[in-house]
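The next block holds one structure in the form of structure tokens; read it before the comments.
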Amino acid sequence: MIGRADSTPIRVARMGQWYVLVEHIQFGEWELKAKVAVDGDQEAALARAEEMSRGHSGDLLEPERSGRLVFRASPTSWLVEVSHSYRWDKSEESPSVSTWHLRISVAELEYVKEMLPPEPEPPKRGFLRKR
């Protein structure tokens, strides 16, 4: 592991590493929200993904109050419907419920190409700056 400037440790991606990928629907499109590196083999990644499908709620403040349906879509992926009631709606005489979806899948990293940082721009020559 290496660290960032804010001292948060980050993992160095390596080929053959197993991951749990978490996608949320954002503006009608699936968007990758989390990549969780798993120590171990595919079986360890499957166990972690199954655990996350039953407990991962994204940014919920009170995850213990949420409901969920977990569908195993394939041997390595789950579709999760999470519902949460925020308040009682007096006009409807029923709770106000919000529902969203997560896709959780297991994948093996097959290729890594490190990003190259851009070259720094040369200093601009100003009126008072010498060559």
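Could you check how many residues of segment 61-82 are of a type outside the set (A, V, I, L, M, F, W, C), open to solvent by less than 40 Å² (accessible area, probe 1.4 Å) and either assigned to a loop (DSSP other than H, G, I, E, B) or more than 30 Å from Met15 (Cβ to Cβ) (or both)? Count: 2. Would segment 64-83 turn up any residue that is at pLDDT below 80 and touching a His at 6+ places or on another chain (Cβ under 8 Å)? Yes: segment 64-83 contains one or more residues that are at pLDDT below 80 and touching a His at 6+ places or on another chain (Cβ under 8 Å).
Residues of segment 83-95 that are open to solvent by 90 Å² or more (accessible area, probe 1.4 Å) and assigned to a strand (DSSP E or B): Tyr86, Arg87, Trp88.
For residues that are closer than 21 Å to Lys113 by Cβ and either among the aliphatic types (A, V, I, L, M) or at pLDDT 95 or above (or both), scanning just segment 15-33, find the one that is surrounded by the fewest Cβ atoms within 10 Å (Cβ to Cβ).
My answer is Met15.
Candidates in segment 97-131 are the residues that are of a type in the set (Gly, Ala, Ser) and at pLDDT 80 or above; of these, the one that is surrounded by the most Cβ atoms within 10 Å (Cβ to Cβ) is Ser105.
The values are calculated or read from the model by the stated rules, or taken from the named source; none is laboratory data. Keep in mind the model is a prediction, meaning the values are calculated, not measured. Neighbour counts are summed over all protein chains in view; Cβ atoms, including those assigned to glycine, are modelled from backbone coordinates with ideal geometry. Heads up: the accessible areas ignore ligands, DNA and RNA and are worked out on the full protein's heavy atoms, side chains in. Shrake-Rupley method; radii C 1.70, N 1.55, O 1.52, S 1.80 Å.
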